[in-house]
Structure formats: C-alpha cells, structure tokens
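Heads up, the thing below is written out as structure tokens.
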Amino acid sequence: MSVRAFAAVVALVTLSFVPTRAGSPLADPPAGFAALFNGHDVTGWYGLPQIDPARVAAMRADERAQKRAADDVEFRKHWSVESGELVNDGNGPFATTDRDYGDIELRLEYRTVAKADSGVYLRGTPQVQIWDTTEAGGKWKNGADKGSGGLWNNSPGAAGKDPLTRADKPFGEWNTLRVVQAGERTWVWLNGALTVDGARMENFWDRTAPLPKTGPIQLQTHGGEIRWRNVFLRELPAAEVTTLLSSRIEDGFTSVFNGKDWTGWAGPVENYDIVDGAIVCKPKSGGTIFTKRAYADFVVRFEFKLPPAGNNGLAIRYPGEGDTAYVGMTELQVLDTEAPVYAKLDPRQAHGSAYGMAAARRGYLRPVGEWNFQEVTVRGSTIVVELNGTRVLDADLSAVTEFLDGKAHPGKDRKEGHFGFAGHNDPVAFRNVRIKPI
C-alpha cells in the first residue's frame with residue numbers, strides 16, 4: 001500500500017506542543033488519543049524484564065505478585081521522570097503498560113545516546129528497533145547501519161526486518177515514532193519516513209504461532225540512557241482496521257460479486273438472499289454457490305458476519321457439484337467457533353481450518369454480529385488464511401495424511417476449481433468479495 005493511500009485511511013494528526021513547565025515541551029494528545037505517560041510519574045506503568053508473556057500467564061497468582069514486586073524494585077532504581085520525560089539509565093526491567101492493547105496507533109518521541117540500543121515491544125513482543133546507527137556504535141554487524149524503525153526480530157530476509165529507509169536523527173535530537181498495528185500487520189514511520197509497510201510482525205516467542213491478539217506496550221532499555229516523552233495511543237475501531245487491511249496492495253484484485261444480482265455465479269442461488277449488498281444464506285437453507293470462473297492459484301479477500309453459532313464455509317477449487325469439503329480442494333470453515341454448542345469441536349473444524357485436515361489457530365474472530373475481514377491465499381497445495389490481519393492457518397494439504405473420522409478427502413490435490421460459499425442453514429453474510437489470480 002502506498003504512503004498516500006495509507007494516509008487516506010489513517011489521517012495524519014499534527015502534534016501541537018504546549019509547554020506546561022519550564023523546559024518541558026509536553027504535548028496535548030491528538031484527538032482520539034490518550035496519554036500513556038502523564039509526564040509526572042510512572043502511573044500506569046510497571047517493570048518487566050524480557051519474558052514470554054505465556055510464561056507469566058502460566059504462573060500462579062502469588063508467583064506473579066512476587067515477581068512483580070521484585071521487578072518493581074529494580075524498575076524504580078533505573079527509571080525516573082525529569083521535566084516531563086521518562087528516563088532510563090540503560091539498565092533494569094522494561095517500562096510496561098498496566099493495560100494490554102490489540103489494534104492500535106502509537107505515537108511517541110525518544111532521544112538516546114551513543115552505544116545504546118532499544119526498542120518498542122508490541123503486545124509484549126519484540127520489537128520496533130531503535131539503534132545507535134553509527135559505525136562507532138559497534139552494531140553494524142547486526143544491521144544498525146540500515147537505521148532504526150524496523151522489526152528487527154523478524155526472521156532474516158522477512159519483510160519488515162530491515163527498515164525501508166534510514167531516518168534517524170543525530171544524537172541529542174528527539175526522534176518521532178509512529179506505529180500502526182492491525183492484527184499482525186505493522187506500519188512504522190520514523191521522523192515521518194515510512195520504515196515498515198504493512199509487514200507481518202512475527203511472534204518472537206513462538207514463530208510457529210501468530211502474534212498474540214493483545215498484550216502490553218513495553219519500552220525497552222539496553223546499554224545506555226534513553227528518554228521518552230509524549231507517548232500517545234489510540235485503539236483502532238474494527239471498521240478502520242478492515243479498511244486498512246483491505247486496502248493493502250490492491251493491484252490485481254477484481255470484485256466477483258456486484259452486490260445486486262447473481263451475475264457470474266452458479267449453483268443454488270435461490271437459497272441465498274442479497275441484503276444491503278451482501279450475500280446472505282437463507283435460514284434453514286444452503287448449498288454451495290460458486291463463481292462461474294474457475295481459479296488455479298489465487299488470493300481472495302472478503303468480509304463476513306456471523307450470527308450466534310453461525311456455520312458456513314469457503315469452497316476452494318470446487319468442481320461444481322458434490323460436497324466441497326471432500327470433492328473440492330477443501331472447505332475452509334466459516335464458523336462461530338466460540339459458541340458453547342461447539343465446545344467439543346475437533347480443532348480441524350474451527351474457523352479458518354481446512355475442514356477435517358488442518359487446524360487453524362483460534363481466538364482471532366471479532367464478536368458475533370461484527371464484520372470480520374479475511375484473506376485467503378491458495379498457491380499450489382498450500383493455503384494461508386489471514387483473519388483480521390493475523391495468520392491463523394498456513395498448511396500444505398499435500399502433506400496431510402490423517403483426516404477427521406478417517407474419511408478421505410479425494411479432492412485435496414485438485415489444481416483448479418471454482419470459489420464459492422457452502423451454506424449450512426445459518427444466515428452468515430459475505431460482502432466485498434475480491435479475487436486476484438496469481
């Protein structure tokens with residue numbers, strides 16, 4: 001997505017600085033933002049060293065309390081507030097927000113010194129990198145010569161690991177950092193320059209798992225003094241996240257549903273309604289409707305809304321008749337997985353799963369009745385499902401040898417077929433359906 005296009009999605013807000021005491025250029029939060037640091041004390045923050053959030057969550061309540069008390073002693077030794085600035089001496093645990101956050105826009109300023117490096121943890125996960133970018137800093141071997149503002153803990157060669165440009169200011173000057181997090185997708189601007197453009201932020205703690213849905217903001221300390229000020233945060237509404245994600249790299253996508261009639265579609269369309277531009281399965285009805293055009297490799301983007309316990313599916317490389325879960329490459333589940341009626345569901349039946357073959361990660365659906373955004377990439381024998389910006393499935397169906405109830409899926413190796421919706425009696429809704437052949 002271009003910088004211009006992104007700016008149209010998330011409006012730029014100019015920070016208006018107003019001095020509140022001598023030598024303290026504190027700013028009022030921009031409209032819609034809240035100040036995470038009040039400029040006076042560390043209210044809302046505590047100390048936490050680098051640790052997998054899952055380890056902390058697994059502790060007993062008394063163990064967590066003991067750890068927090070010990071970390072707090074160290075936190076207050078190494079962190080202070082001076083003239084509206086949050087100051088760390090280069091040691092001690094990281095400043096950590098009391099609250100957890102999910103999809104956000106974060107803005108802050110920092111100033112650091114030679115030999116120091118630091119970063120901003122998102123959802124308790126490292127990190128948007130801050131370097132001493134000089135050769136004398138000794139970190140060029142680690143990529144410091146490329147500049148700050150990258151997702152340094154991403155895998156080598158992964159998008160976002162190295163910043164798109166070097167935008168650091170000289171020592172002694174304040175740097176401005178702006179971060180937008182939507183699911184796992186991250187955008188970063190350093191001093192107004194785009195350094196990360198919608199790259200996936202990997203889960204440092206478990207690279208086989210997606211980024212946690214929520215977690216704290218942490219300000220890292222490492223090796224030298226760093227100062228922070230004007231730390232502002234805005235939680236992104238779901239509709240804005242959807243617009244942002246659906247606008248990312250739009251080239252090549254074509255709408256396959258016009259929102260008015262069934263032009264380009266086949267199958268039992270009489271079992272579906274068109275309501276406010278959306279495809280809605282009629283209650284106690286269903287069947288698989290599908291595009292007249294067939295696809296081999298493709299990416300599909302769409303929005304969907306589930307009623308309570310709603311059940312539907314995506315027909316992938318469907319031959320045009322039969323049960324797509326078995327005769328097509330797969331049926332990707334569209335399901336209110338968290339409904340009590342599905343408490344004993346097989347993992348391979350959860351939302352986003354390749355039905356009966358490969359289980360998707362759970363916990364990333366929006367509440368029932370809200371629109372979700374999903375992107376599915378089908379390439380060869382592989383399927384990747386990204387739900388609300390988070391990768392929940394990355395599977396190679398050619399490697400699957402065990403099936404739900406031992407029932408074979410003879411269509412899983414199909415190379416081409418139609419895309420569609422496999423209704424199962426519930427009024428699940430779909431809209432803004434776009435496909436890009438690849």
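The values are calculated or read from the model by the stated rules, or taken from the named source; none is laboratory data. Keep in mind that what you see is a predicted model, and the values were worked out from it rather than measured. Positions of Cβ are backbone-derived with ideal geometry, glycine not excepted, and every protein chain shown enters the neighbour counts.
Taking the stretch 200-307 and the strands (runs of 3 or more DSSP E) fully enclosed by it, the elements with 3 or more residues that are within 25 Å of F419 (Cα to Cα) and in the same structural domain as R431 (by TED's automatic domain parsing) are at 272-275, 278-281, 286-295, 298-305. Only residues that are part of a loop (DSSP other than H, G, I, E, B) and either of a type in the set (V, I, T) or buried (at least 21 other Cβ atoms within 10 Å of the Cβ) (or both) were counted across the stretch 168-178, and they come to 1.
Condition check ((1) more than 21 Å from R200 (Cα to Cα); (2) touching a residue at least 24 places away in the same chain (Cβ under 8 Å)) across all residues:
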site: N88; (1), (2): yes, yes
site: P93; (1), (2): yes, yes
site: T97; (1), (2): yes, yes
site: V113; (1), (2): yes, yes
site: G119; (1), (2): no, yes
site: K141; (1), (2): yes, no
site: G150; (1), (2): no, yes
site: S155; (1), (2): no, yes
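Among the residues of the stretch 370-390, those that are assigned to a strand (DSSP E or B) and under 12 Å from the mean Cα position of the chain (by Cα) comprise F373, Q374, E386, L387, T390. At least 1 residues being of a type in the set (K, R) is the threshold, and among the strands (runs of 3 or more DSSP E) wholly inside the stretch 67-167 those reaching it are 104-112.
Tell me whether the stretch 249-265 contains one or more residues that are within 27 Å of T390 (Cα to Cα), within 17 Å of the chain's Cα centre (by Cα) and either surrounded by fewer than 20 Cβ atoms within 10 Å (Cβ to Cβ) or aliphatic (A, V, I, L, M) (or both). The answer is yes; a qualifying residue exists. Just to be sure before I move on: is P367 surrounded by fewer than 16 Cβ atoms within 10 Å (Cβ to Cβ) and within 21 Å of the chain's Cα centre (by Cα) in the structure I sent? It is true that P367 is surrounded by fewer than 16 Cβ atoms within 10 Å (Cβ to Cβ) and within 21 Å of the chain's Cα centre (by Cα).
Pull up the stretch 221-264, narrow it to residues that are in contact with a Phe, Trp or Tyr (Cβ under 8 Å, 6 or more places away or on another chain) and charged (D, E, K, R), then point me to the one that is nearest to G137 (Cα to Cα). Among residues in the stretch 221-264 that are in contact with a Phe, Trp or Tyr (Cβ under 8 Å, 6 or more places away or on another chain) and charged (D, E, K, R), the one nearest to G137 (Cα to Cα) is R227.
Among the residues of the stretch 332-363 satisfying the criterion of being of a type outside the set (A, V, I, L, M) and more than 24 Å from the chain's Cα centre (by Cα), which is nearest to D396 (Cα to Cα)? Per the stated criteria, the residue is G356. Among what's in the stretch 209-248 and is within 30 Å of N38 (Cα to Cα) and of a type in the set (K, R), pick the residue that is nearest to the chain's Cα centre (by Cα). Per the stated criteria, the residue is K213.
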